[in-house]
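Notes follow the structure.
The values are calculated or read from the model by the stated rules, or taken from the named source; none is laboratory data. Computed from a predicted structure; not experimentally measured. Note that each Cβ is placed from the backbone with ideal geometry, even for glycine, and that neighbours are counted across all protein chains shown.
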Amino acid sequence: MALVIRLENADPEQRAFRAEVKPNRSMSTRNLAVTVICLTVVCLTIALSFFSMGLWLVLPFAGLEIFVVGVAVGYTIRRAEDGETIVIDGNQVEVTQRRGRKTHAKKFQRYWTQIRLQPGATTLQPSRLVIGSHGNFIEIGRDLTHKDKQELASSLRQVLRDAT
């Protein structure tokens, strides 16, 4: 899954830093709704034309198809805001993770914060990018490719190093 990493230096004087990691969404919520409506109209038109010829069994399957598409699109809309925000400001590092309706925020002292890129146990398992301090680490960028994790880790390390 391709993801968007947006890095911005909010205030160069305070050395504030903000990184957002979130899925790359090609369609807005409105476009998804229009697409579902169009698919529903086409599917029902075809099903009703078969129904008018006496082939009534097509109608329940068309309804099932519309239901499955609606559930899939609903899941996509609920997950549209998934992602992570990493803010480094002053002496504090704050990581906010959003998954579905759940939001989890964690704060660390900037001086003690470590960024670790841990390799997967096997070649099939992805690497893990973790951030934390004093034995309290959380995984960030779990949907990123290894290359994107390396880029994010490098940027975060650079900002943390510039603080000292």
Could you list all residues from region 58-107 that are among the small types (Gly, Ala, Ser) and within 27 Å of Leu160 (Cβ to Cβ)? Gly83, Gly90, Ala105
For region 124-146, pairs from a residue that is assigned to a loop (DSSP other than H, G, I, E, B) to a residue that is of a type in the set (Phe, Trp, Tyr), with Cβ under 7 Å and 6 or more apart or across chains, are His134/Trp112
Within region 130-149, is even one residue of a type outside the set (Ser, Thr, Tyr), out of contact with any Gly (no Cβ under 6 Å at 6 or more places or on another chain) and closer than 12 Å to Ala19 by Cα? yes
Expected single match for farther than 26 Å from Ala153 by Cα, assigned to a loop (DSSP other than H, G, I, E, B) and modelled with pLDDT of 85 or more among Gly54, Gly70 is Gly54
Return the only residue of Ala105, Ala153 being assigned to a strand (DSSP E or B), in the same structural domain as Glu20 (by TED's automatic domain parsing) and small (Gly, Ala, Ser). Ala105
Of the residues Gly90, Gly100, Gly54, Gly70, only one is of a type in the set (Gly, Ala, Ser) and surrounded by 12 or more Cβ atoms within 10 Å (Cβ to Cβ); which? Gly70
Subset of region 46-105 (residues that are in contact (Cβ under 8 Å) with a residue 40 or more places away in the chain, farther than 26 Å from Ser28 by Cβ and among the charged types (D, E, K, R)): Asp89
What are the residues in region 78-102 that are acidic (Asp, Glu) and in a strand (DSSP E or B), if any? Glu84, Asp89, Glu94
